[in-house]
Amino acid sequence: MPEEGKHAIDEPLEPLILLVRGHRVILDADLGRIYGVSTRALNQAVKRNAQRFPRDFAFQLNAADLAELRSQPEPDDGNISAIQGHSANRSQFVTGSQKHRSLRPWVFGEHGALMAANVVRSDRAVQMSIFVTRAFVRMREHMAANAAILKRLAEIDSTLLRHDAALREVYLKLQPLLLPPPELPKRRIGF
C-alpha cells in the first residue's frame, strides 16, 4: 500500500473511476493524491483556471449525485467512504473549520484529469497524468468489449427464442402422431 499522499504506479487506477451522470469520473481527493498535491491545492488550481474546465471536463457533485454514490456498494479502496466523510484522513475534504468544509467534491473526467495535471504545476502530476489517461482508456475499452459481448449474447438469445418457437411448433404437430391410435370398434361374432 502506498504511503499517504502517494500512489504507486503499478496500483490499478480503474477502481477509482466512478460513473456519475453517465460520465466516467475520478474524485478530486483521489486525483490530488495521485498527483501528489492536496485536494485543496487541486481545487484552488481548478478555480483559478475555470475557463479550462468546461462541465464535461469537471463538475461539482450535487446532493443527488452524492446520494447515488452512497447507495452504490463500497469498493475495496474506500473512495466512497471519503465522499461520506468517514475517511481515515478527514483532511482530504476539510480545510479550516467544519463550517467551511465543502460538502460538494469535484469530479474530473478523462480530459479534466489531464487538464488538472497541467494546472497544478507538479512534476508528479505530469508523470501520473499518463497513467490516469491510460486508466480511462482501459475502462473505455472494457466497456466497449462488454458492450460487444452483451450484443452477441442478445443475438444468441433471440436465436434460441426463435429455435424454441420452431421446436414448439414441431412438437405440437408431432403430438397427435405420438398418441396411440384409437381403438376400432370390435366386430361382434355371431348373430
Using beta carbons and a limit of 6 Å, which pairs, at least six apart or on different chains, have the first residue in region 15-31 and assigned to a helix (DSSP H, G or I) and the second one among the hydroxyl-bearing types (S, T, Y)? D28/T39; A29/T39
Among the residues in region 159-175, are any part of a loop (DSSP other than H, G, I, E, B), surrounded by fewer than 10 Cβ atoms within 10 Å (Cβ to Cβ) and modelled with pLDDT under 90? no
Report whether or not E141 is without any contact (Cβ under 8 Å) to a residue 60 or more places away in the chain, assigned to a helix (DSSP H, G or I), within 30 Å of L31 (Cβ to Cβ) and charged (D, E, K, R). yes
For residues in region 144-161 being of a type in the set (S, T, N, Q) and over 21 Å from the mean Cα position of the chain (by Cα), which is nearest to R24 (Cα to Cα)? S158
Is it fair to say R138 is modelled with pLDDT of 80 or more, under 25 Å from R55 (Cβ atoms) and of a type in the set (K, R)? yes
So V25 fits all but one of (1) touching a strand residue (DSSP E or B) at 6+ places or on another chain (Cβ under 7 Å); (2) modelled with pLDDT under 85; (3) of a type outside the set (K, R); (4) under 21 Å from V126 (Cβ atoms); what number is the exception? (2)
Looking across region 124-138 at residues that are touching a residue at least 24 places away in the same chain (Cβ under 8 Å) and surrounded by 15 or more Cβ atoms within 10 Å (Cβ to Cβ), the single one that is farthest from I17 (Cα to Cα) is R124
What is the number of the single condition among (1) at pLDDT 85 or above; (2) of a type outside the set (D, E, K, R); (3) surrounded by 14 or more Cβ atoms within 10 Å (Cβ to Cβ) that A64 does not meet? (3)
A careful count of residues in region 102-133 that are in a helix (DSSP H, G or I), over 19 Å from R48 (Cβ atoms) and not charged (D, E, K, R) gives 6
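The values are calculated or read from the model by the stated rules, or taken from the named source; none is laboratory data. A quick note: this is a predicted structure, and the numbers were derived from the prediction, not measured. Methodologically, a virtual Cβ is constructed for each residue, glycine included, from the backbone with ideal geometry; neighbour enumeration extends over all protein chains shown.
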